[in-house]
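Everything below concerns the one structure shown next.
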């Protein structure tokens, strides 16, 4: 174990990334994961796309199905957090009330709003989802034909059109230290 790992202490908590598709949630969480690995912090990532193909397979994109998906992610984060593991959720999670439900259930919850302009998200769209949504091929697409409710009081806001992923991750790490979740 390195000196960095020995000098790090932490308790279970959840970092909940929310933002539009293509905003940078997964990219920033990857940087955070590298930092946690360096310091020996036990963690798990629940990425929206991965969860949808495993834990939430069969769910569609209606409001009810989206709520179910986000509640499932929240439940897993709750279990991890109460067992001293750091949970990182990177999912669009478009509806404020479900994010707030998860905050109450989990307790040690840090909401990170990845605030990226829609036009930038569309430029980054490697899967062509925004183009399909604008053409009417995808119904209920968040930010186009379905609403995204921005957080009112996130602990951290990242602006990925102005910050590098490393700068965004550093903001999160600083907040985690300020809140007493990590120490190094």
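The values are calculated or read from the model by the stated rules, or taken from the named source; none is laboratory data. No experiment lies behind these values; they were computed from the predicted model shown. A quick note on method: Cβ atoms are made from the backbone with ideal geometry, for glycine too, and the neighbour counts reach across all protein chains shown.
Highlighted here are the helices (runs of 4 or more DSSP H) found entirely within the stretch 82-184 that include at least 1 residues which are under 22 Å from residue 40 (Cα atoms): 165-178.
Can you say whether residue 4 is part of a helix (DSSP H, G or I), in contact with a helix residue (DSSP H, G or I) (Cβ under 8 Å, 6 or more places away or on another chain) and either at pLDDT below 95 or surrounded by fewer than 22 Cβ atoms within 10 Å (Cβ to Cβ) (or both), as far as the supplied structure shows? Yes, satisfied.
The condition (being out of contact with any strand residue (DSSP E or B) (no Cβ under 9 Å at 6 or more places or on another chain), within 21 Å of residue 147 (Cα to Cα) and touching a residue at least 12 places away in the same chain (Cβ under 8 Å)) is satisfied by just one residue among 99, 82, 52, 66: 52. Which of the residues that make up the stretch 41-70 are modelled with pLDDT of 90 or more and not in a helix (DSSP H, G or I)? Across the stretch 41-70, the qualifying residues are 41, 42, 43, 44, 45, 46.
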